[in-house]
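Notes follow the structure.
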Amino acid sequence: MAGTGQNGTLKRRSEMDMEQPADDGRRQFILSVLLGGIGVILAGGAGWSIWGYLAPPAGKGEKSKIRLARNLAPVGAAHFFQFRGHPAVVLQVAPGKFHAFSAICTHLGCIVQWVSGRQEFLCPCHGGRYDADGRVLGGPPPKPLEVIPVAVAGEELVVG
Amino acid sequence: MNLPKKVIDFIDARIGIRDILQQNLTEYLLPRNVNVWYTLGAVLLALFGIQFITGILLLIYYVPNTDQAFASVQRIMNEVPFGWLIRYVHAVGANIIVLALLLHMLSVLFMGSYKQPRELTWVAGFIILLMSLGMCLTGYLLPWSQLSFWATTVATESSNEIPLVGDAVVRFLRGGAMVGQPTLGRFFALHVMGFPFIFGLIVALHLFCVRRVGISRPPFGPEYEPREPPSTFRHEHHEGGIPFFPNYVVKDVAVICFFLALLFGVVFFAPGLFFPPAAFAPADPFLTPEGIKPEWYFLWAYQVLKIFPSEFLGLAVQGLFVTFLLLLPFIDRGRERRPTRRPLFLTLFLAGLAVFIGLSVWGHYS
Amino acid sequence: MNRIAGRRYLSLALLLWSGWLLAGAAVAGTAPETVCIQCHGGQTGRLQKPVEQWRASIHSRNGISCHNCHGGDPTDFGMAMSPERGFVGAPEKTAIPDFCGRCHVGVKADYQQSAHGRALGSGGPQCVTCHGNHAVTEASLDLINSEACSRCHEYGRAKVLREALGKTDGMISGLEDDFRKLRRVGIDVKELSDRTFALRNQFHRLFHSVDVEQVRSRSAGFQGDLEKVGAEVDSIRATLQQRKATGGIVVGLLVVMGILAMLIRKIYADEESAGPSSRNG
């Protein structure tokens, strides 16, 4: 293979020139396929994320309602219970008239207590007070208690 | 029965699409010594495209009302599947775009590609830069966090120093005496429709000018010689050049991939880089957090205002600098584009860059 | 809302408004200046000390100012210390629990039933004894120490109490640390943080009963609840790790794509430099 003459070297180079493009072409093809393949994977990932972003999530049991016995909350009294994982309270303000709220104080998150004598909620952490409609009477809470819908169904209360 | 071919034949017979594709892809020749800096245009297009898509996605869940804005962004970050990803890509993407814009501008300056006959391209590009910064500024307010509120207050406050009309300008920008719902409303409208629409038109103009005049040839290598630009229109061909498609397109793809790697690297591993703690607290007009600073690309302006004893002087200096850059192709009429043969320009270029970096670093630590 | 509270909140609102307009960016992270601070701040000695002490306090950090406890009109120099505007001055020692208990209702209830509370008036401690009056810092286990408690009795029983509280307190601080870190990356920890805060307050109330048996028996309950919060924090952290792993793959693939594209480019570049004659058709 070691052609030393001018002729020999030239011939080798032209031979290589003819093989080079074919080799290059094949390499190019493989590289392009790889490039395209990874591109498709990444594009697929992006598309999947965007689909997840747009498609509404499966309802996390948000429709679940709670049924409570009506006599748990006599007139002027409050009954505390768990509602969808959070502390909640239902109270009977007048015969047959019920209110339900989240029992989480809107100030910094402590659980409010019901003061029967004054018919108001009191938060033991910083003295926030709410009336029987959940509205702020005094103290640091910035917003009223979150209202939870409640309906009467015979001897039961349907909360949520 | 090759369906794709039949469709293209149909379109080609009516609008000659094959001819257009040929002229802009395979027969579009670039100068042989084209360098990697020329990929930044494609990088920016890709990044702006991502901003556009993520922006629309965010629009679906975002509420532009001071009562609900912060909570809606919280919801996107915590409850919407992949919301955190879309939000971070959009926010980090904005910063990467500014970086790419600056690099693109620097390379154009360095290679003197703004000179005649490309003045229009430069002016359009500079306006794109200004509008991008405007989109960054307006977008910053939308999450309605402590950072959003106070950074916007500081940014709009500086207009007060404009003589005579300063106060009116501030009120106009804010829609009132202080940053509030009217500010959010107008910034939202600008960010989502106002800027993008005009921005799109000017990008189209910019790209048109680039193609119409012809891509510039890098002023490097032994064959370069400064030439008198044509007095009548002539498209600059690059005979014997390399085809844009596929030869240079792969380079565009490579650099785009590297920039995206940077973007996602920050998104996944350092998302807090552009999010100080004040970015996660809801806006409180009565409580200024400590150490409010603008984003890194505005630190130079912030520092300039602090250096000059008179804020008006600081603003004037900034205005002069920006105007000088905008009108540069009309000021610098020299034909020479080789950086080593433009000593005055090179000095100003390096000094300007050093001052920009210096002021930004100073602004960060002050 | 009754009229006095209403007026108080109106004055507070006016005060905050004028405070913001005046102070602007200079006011960093503190409650706005009342006339109380303006006057007492310029005094010397005994009349000025409360101002400095208050500035470093947790009350100040949460926007609670002089008039919130002492009453009076914070916007009007003339009426700042007028009983007409609710000014009550500094309370007598025995009236301190009632004074602080207007807000800290739960703590007052537990304190009054405790040995400390029953000893009020006969040498027993009240709120200020341990917490100070103006330099009130965030409540922590360090308030129970040999210096403070041995002023009245031997430290031993206080130490027992402190140890009983120790583990739970450690859990709470650990969780608060975790929340800080999570908040920093945009995770909404409000619900978990509120739950922990509620538990923390119930727990701190518990101390004021100074009843070791009660503390011991109820600690298990608290720790159980805190563990539940901890489990949720752990699951959040696991999700974040998962995201990082996916991110690593995405970034890696993008870099590989870039390299592949550069390799293809190299093939073209070689073709180009070899001259037009070697171009493949």
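Tabulated data for the structure shown
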{"read-out": "Percentage relative contact order, region A:49-160, counting C-alpha pairs under 8 Å, at least six apart", "value": "24"}
{"read-out": "Relative contact order of chain B, pairs being alpha-carbon contacts under 8 Å that are 6 or more residues apart, as %", "value": "28"}
{"read-out": "On Cα atoms only, tilt of C:156-184 relative to the major axis of chain C in degrees", "value": "40"}
{"read-out": "Separation of alpha-carbon centers, region C:204-281 and region C:112-165, rounded to whole Å", "value": "45"}
{"read-out": "Prolate/oblate/rounded label for region C:92-137 (Cα gyration tensor, a/c 1.5)", "value": "oblate"}
{"read-out": "Convex hull volume of chain C per residue (C-alpha atoms, cubic angstrom)", "value": "259"}
{"read-out": "Cα centre as origin, Lys/Arg/Asp/Glu Cβ charges: the protein assembly as shown dipole, Debye", "value": "380"}
{"read-out": "Three-way shape call for region B:1-56 based on the alpha-carbon gyration tensor, with the a/c threshold at 1.5", "value": "oblate"}
{"read-out": "Kirkwood-based shape ratio for region C:149-281, expressed as Rg/Rh from alpha carbons", "value": "1.50"}
{"read-out": "Positive-end residue of C:160, B:329, A:43, charge dipole of the protein assembly as shown with Cβ unit charges", "value": "A:43"}
{"read-out": "Exposure proxy ranking, count of Cβ atoms within 10 Å, fewest first, for B:26, C:196, B:66", "value": "B:26, B:66, C:196"}
{"read-out": "Footprinting exposure proxy for B:137, B:326, B:3 (fewest neighbouring C-beta atoms within 10 Å first)", "value": "B:3, B:326, B:137"}
{"read-out": "P(r) of the protein assembly as shown over all Cα-Cα pairs, binned every 20 Å from zero, in whole percent", "value": "12, 35, 30, 16, 6, 1"}
{"read-out": "Cα extents of region B:250-342 along the three principal axes, largest first (Å)", "value": "55, 49, 19"}
{"read-out": "Sequence-distant aspartates and glutamates (8 or more away, or on other chains) whose Cα lies within less than 19 Å of residue C:159", "value": "C:142, C:147, C:169, C:211, C:213"}
{"read-out": "Net dipole in debye of region B:4-62 [+1 Lys, Arg Cβ; -1 Asp, Glu Cβ; about Cα centre; nearest 20]", "value": "80"}
{"read-out": "For chain B, size of Cβ-based charge dipole, Lys and Arg +1, Asp and Glu -1, in debye", "value": "800"}
{"read-out": "Relative contact order, percent, region B:266-362 [alpha-carbon distance under 8 Å, six or more residues apart]", "value": "32"}
{"read-out": "Charge-dipole axis of chain B as Lys and Arg at +1 and Asp and Glu at -1 on Cβ define it, positive-most pick from B:110, B:97, B:282", "value": "B:110"}
{"read-out": "For region B:149-218 versus region B:298-366, the gap between their alpha-carbon centres in whole angstrom", "value": "21"}
{"read-out": "Residue mean of other protein chain beta carbons inside 10 Å, C:196-202", "value": "5"}
{"read-out": "Average beta-carbon neighbours from other chains, 10 Å sphere, peptide B:69-78", "value": "2"}
{"read-out": "Shape category assigned to chain B from the gyration tensor of Cα positions, a/c cut at 1.5", "value": "oblate"}
{"read-out": "Residue exposure sequence - B:17, A:38 - by fewest surrounding Cβ within 10 Å", "value": "B:17, A:38"}
{"read-out": "Inter-chain shielding of C:240-247 (mean C-beta neighbours from other protein chains, 10 Å cut-off)", "value": "3"}
{"read-out": "Charge dipole of chain B about the Cα centre (unit charges at C-beta), most positive-ward option of B:173, B:356, B:296", "value": "B:356"}
{"read-out": "Computed [θ] at 222 nm, deg cm²/dmol, chain B (DSSP H ≥ 4; -39,500 (n - 2.57); rounded to nearest 500)", "value": "-20000 deg cm²/dmol"}
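Quick note: the coordinates plus some simple rules give every number you see, no bench work behind them. Worth saying up front: this structure is predicted, and the values here are computed from it rather than measured. Virtual Cβ from ideal backbone geometry, glycine too; neighbours counted across all protein chains shown.
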